[in-house]
Amino acid sequence: MSFPAKSFVAKSLSLKAGFLLSAFAATPAMAELDELRFGVPPWPGVTVKSEVAAQLLETMGYETRQQDLAVSVILEGLSRNDLEIYLGGWYPVQTDMVEPLVADGKVEKVVSNISGANSGLVVPQYVYDAGVTTVAELAAHYDQFDGEIQGIEAGTGINEAILNAIDNDLAGLGDWQLRESSTSAMLAQAEQKMADEEWVTFVGWEPHWMNVSFDLAYLADSDDAGVAAIESTVWTITPASLAEEAPQAHRFLSQYVVAIEDQNEWVHEYSYEERPADEVAQEWIGNNLDTVAAWMEGVETREGESAIEQVRAQFGA
């Protein structure tokens, strides 16, 4: 009685093993991606940064597509493998949006492509040189500033921090007013005041063309008012599978770290000078091949050739 039972078990195990081997053989290895899709929010810095990366990836043999989307849609797309690259993971602002996706193994924070970016209150350099170097020192010059701080759109984090400082009389700002307006209106007002060498303080951040066009200084937050010298980091975020699906692209992205000064220049050309992003990117790559070479170290094209040599051949003079 035991023999038939053993025979049945053996046959069952054999069939099961055969099925598993057959299923495994029928499952193809993960194919390398042909197209890399960027999620691009409506921010000039990320727009040009994405264009530079796209042109370099195309030189490596990939097709690219850039889609203008809201941040929440981009992150959802990355988690569902509907997008491959997002170069605008701004921390700490997006921390609560991104970290759960990282914890779930859906996305990867590949590299901090911008580090040490400042945001907060700025003053013209001539005001800074006159002795206003911290938020706490604004109050002593109330009349020269007309008791006003020029702000950006209502509801933004920096505006809320300034209003909190005013409401709680932090750093002596209790009698001050925050004038909220659009970013363009704020900068136009500030530019007019600086042209007349008047004293003005307003919201500033990096990367942005204001850091190229204006001679500015960021105020230190010496008394913990929470409205100055807020340091930010920008992450490159991809689906967790990208390293396997496009290893050379992933290697390039892991080395694609941009100097704040370079992105300030990109934003100035694209947003202030109103030049097309593809034109700005192409010209910059051709003029900065040493920087590009560092990004391309050890990177190969999809055909197994040196990526930087292909870039030099296409963008070199």
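Throughout, read-outs are computed from the coordinates displayed, never taken from laboratory work. Since we're looking at a predicted model, the values are computed, not measured. No Cβ is skipped: glycine too gets one built from the backbone with ideal geometry, and neighbour counts run over all protein chains shown.
Summary table below
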| read-out | value |
| --- | --- |
| Label-point separation in nm, Ala154 to Glu99, each point 7 Å along Cα→Cβ | 3.1 nm |
| Pairwise centroid distance, computed over Cα atoms, of the stretch 180-219 with the stretch 164-179, Å | 20 Å |
| Positive-end residue of Leu173, Ala217, Met186, charge dipole of the stretch 118-231 with Cβ unit charges | Met186 |
| Correct choice for Kirkwood radius over Cα pairs in Å that was computed from the model, options (1) 22.5; (2) 19.8; (3) 21.4 | (1) |
| Candidates per GluC sites (Glu not before Pro) in the stretch 287-317, loop by DSSP, up to 14 other Cβ within 10 Å | Glu297, Glu303, Glu305 |
| Chain lengthening between Ala259 and Arg65 when straightened (0.36 nm per residue, less Cα-Cα) | 67.4 nm |
| Separation between Cα centres of the stretch 255-302 and the stretch 82-139, rounded to whole Å | 20 Å |
| Highest to lowest packing among 62-72, 103-113, scored as the average C-beta count within 10 Å | 103-113, 62-72 |
| Neighbourhood net charge (14 Å Cβ-Cβ; Lys/Arg +1, Asp/Glu -1) for Asp129 | -3 |
| Bridge type composition, the chain - antiparallel percent by DSSP, nearest 5 | 65 percent |
| Among beta bridges that DSSP assigns inside the stretch 118-231, antiparallel share in %, nearest 5 | 65 percent |
| Computed [θ] at 222 nm, helices only, for the chain once each DSSP H run of length n ≥ 4 contributes -39500 (n - 2.57) | -13000 deg cm²/dmol |
| FRET efficiency, Ala293 to Glu197 (Cβ-Cβ, R0 41 Å, nearest 0.05) | 0.40 |
| In the stretch 176-261, GluC sites (Glu not before Pro) in a DSSP loop with at most 15 other beta-carbon atoms within 10 Å | Glu197, Glu198 |
| Cα gyration tensor shape for the stretch 118-231, rounded if a/c is under 1.5, else prolate or oblate | rounded |
